[in-house]
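Have a look at the structure below, then the notes.
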Amino acid sequence: MAKYSKKSQDKVEENMHEMKEGKLKSGRSGRKVTNPKQAIAIGLSEARKEGAKVPKKAAAKKSAAPKKKAAAKKAAPKKKAAAKKRATPKKKAAAKKAAPRKKAAAKKRATPKKSAAKKRATPKKAAAKKRAAPRKKAAAKA
């Protein structure tokens, strides 16, 4: 059984001819289409809209998340280094101002959260509260 119907094949063929003549334009930007793969995609899309037999669009490929993150971390420093080389004086000044903020934010995140025990009052503060309690009662009575 054929994957694509005759109607969809004809649509793709028409779009390929239009592309070669320079008449095929992209739907979104209205620019001239020069890529044959894009012409095929446009033809299949039009055929789908008309109800022709065309397989569903391929789903986006899933890749392992840890690999992506590791690759992104490795690539990021290279981009920053390249950007610094090409930076104009204004960009350099802005980068210098932004750098301390980033470091401060990183330090805040790096510090461990205080435990509940540390948040509790120290012995000195607790004693001061005990002494203040009778005074408040006396003031309330008077």
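Pairs from the list LYS3/LYS49; LYS6/LYS61; LYS11/LYS37; LYS7/LYS57 with a Cα-Cα gap above 23 Å: LYS6/LYS61. Annotation: the residues ARG48, ARG135, ARG28, sorted from fewest to most other C-beta atoms within 10 Å of their own C-beta, follow the order ARG28, ARG135, ARG48.
Read-outs throughout are calculated quantities, based only on the coordinates presented, and are distinct from any laboratory measurement. This one's a predicted model, so the numbers in the text were calculated from it and none came from an experiment. A quick note on method: Cβ atoms are made from the backbone with ideal geometry, for glycine too, and the neighbour counts reach across all protein chains shown.
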